[in-house]
1. In whole percent, what relative contact order does region 207-321 give with Cα contacts below 8 Å and a gap of six or more residues?
2. Set the Förster distance to 30 Å, then compute FRET efficiency between residue 120 and residue 61 from the Cβ-Cβ distance, nearest 0.05.
3. Taking the chain as the region of interest, what is the percent of Cα-Cα pairs per 10 angstrom bin, listed from the shortest bin to the one with the maximum distance?
4. I want to check the label-to-label distance for residue 75 and residue 299. Put each point 7 Å from Cα in the C-beta direction and report it in nm to one decimal.
5. How many angstrom lie between the Cα centre of region 148-178 and the Cα centre of region 281-312?
6. May I ask you to derive the FRET efficiency for residue 101 and residue 200 from their Cβ-Cβ distance with R0 = 45 Å, giving the value to the nearest 0.05?
7. If Lys and Arg each add +1 and Asp and Glu each add -1, what is the summed charge of the other residues whose beta carbon sits under 10 Å from the beta carbon of residue 83?
8. For region 154-234, what is the Kirkwood estimate of the hydrodynamic radius, computed as the reciprocal of the mean inverse distance between distinct Cα atoms, to one decimal in Å?
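The values are calculated or read from the model by the stated rules, or taken from the named source; none is laboratory data. Owing to the predicted nature of the structure, the values given are computational and were not obtained by experimental measurement. Cβ placement follows ideal geometry from the backbone for every residue including glycine, while neighbour counts extend to all protein chains displayed. Ligands, DNA and RNA are stripped out before the accessible areas are found, and what is left, the full protein with its side chains, is counted by its heavy atoms. Shrake-Rupley method; radii C 1.70, N 1.55, O 1.52, S 1.80 Å.
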Amino acid sequence: MNTVEEIANVIKHIKSAVIFTHLRPDGDTLGSALALSRALSLLKIPNQTVNEGEIPEEFFFLEAAKRILRAPTLDAEAYICVDSSDETRLGQLQSVYFAGAKKKITVNIDHHVSNTRYAKYNFVRHRASNCENVADVIKAMGVPFDKEIADCLMTGAVTDSGAFSHDDVSGDTFRAAADFADAGANVAVITYELFKKRSKARAALYAETVASLRYLLNDTFAVAVVPRERLERLGLKQDATEGVVDFGLTVDCVEVSASLLEMKKGQYKVSLRSKGKVNVNRVAATFGGGGHVLASGCMLFGELEDVIDRLRYAVLQHSEG
């Protein structure tokens with residue numbers, strides 16, 4: 001693996017770059033990409049940020065999020081992937097990445113334990129958020145944080161750390177957050193936009209989903225199911241389910257929480273969270289997914305009851321004791 005200094009040296013000497021974010025983008029991949037994009041722009045290096053799908057509107061308080069493209073229009077010298085453990089996390093854009101990977105400079109900046117080191121240059125270090133890694137790269141590039149960079153980095157730090165509540169939060173996390181705050185990050189706006197602001201329709205979605213929560217494995221495993229019909233009836237997009245999985249962990253007897261979002265008939269996007277007794281990265285890996293020890297995801301196919309039963313068995317297999 002490369003050092004942060006080596007990665008910074010590569011990036012600050014490239015002539016142009018496309019920055020790839022992962023499918024179903026969250027605050028950490030967007031914050032990482034947009035902060036790095038701003039740093040490149042301050043160095044007068046042409047760049048674009050891309051994502052395969054729509055950007056959730058909750059992130060539009062970051063103005064640069066509105067300018068993210070579905071596909072690159074720049075024939076860049078470098079491809080940089082942020083917060084993506086492997087190429088499949090790029091979704092439909094993985095074909096674009098593969099097409100250019102052999103002839104371009106490729107860089108991978110990530111914090112997932114499941115990262116496959118798929119680029120020519122890899123900086124992978126487990127932190128509460130990937131924005132902490134990107135912050136170190138930007139510093140090593142010699143670019144001071146301005147307010148735009150700080151807001152982007154704080155967005156990733158706050159969201160991926162669960163508002164600084166996860167077990168992987170360390171003193172380094174708070175020291176990084178202090179740097180972002182000192183550079184002008186508006187924590188009040190960020191936390192309101194991401195954790196408190198909610199439409200009436202989204203409130204109804206949460207109410208219905210929480211009311212139908214299932215408890216398995218002697219009430220230690222909570223499962224929330226979000227059918228397509230519910231989203232369509234309430235006029236919501238898939239990103240409205242962000243955070244649903246976290247509710248299960250607020251129940252004192254629950255050790256593992258899962259949310260099952262029906263993508264189409266027979267296909268479910270599964271998000272997993274753990275309090276620590278179960279390594280959900282291993283649970284997700286059973287089905288070809290991955291992520292973190294305490295937060296992971298995967299895709300499952302089949303009838304709902306069969307999907308839930310397979311998940312229940314996998315969680316049981318990876319439970320302590």
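1. Worked out over region 207-321, it gives 20 percent.
2. Values: r = 35 Å, r/R0 = 1.15.
Plugging the Cβ-Cβ distance into 1/(1 + (r/R0)^6) gives 0.30.
3. Calculated P(r), rounded to whole percents: 6, 27, 35, 23, 8, 1.
4. So the label points at residue 75 and residue 299 sit 3.2 nm apart.
5. Cα centroid to Cα centroid, the span is 27 Å.
6. Numbers: r = 45 Å, r/R0 = 1.00.
Calculated transfer efficiency: 0.50.
7. Spelling it out: positives minus negatives among the neighbours equals -3.
8. Computed over Cα pairs of region 154-234, the Kirkwood hydrodynamic radius comes out at 15.4 Å.
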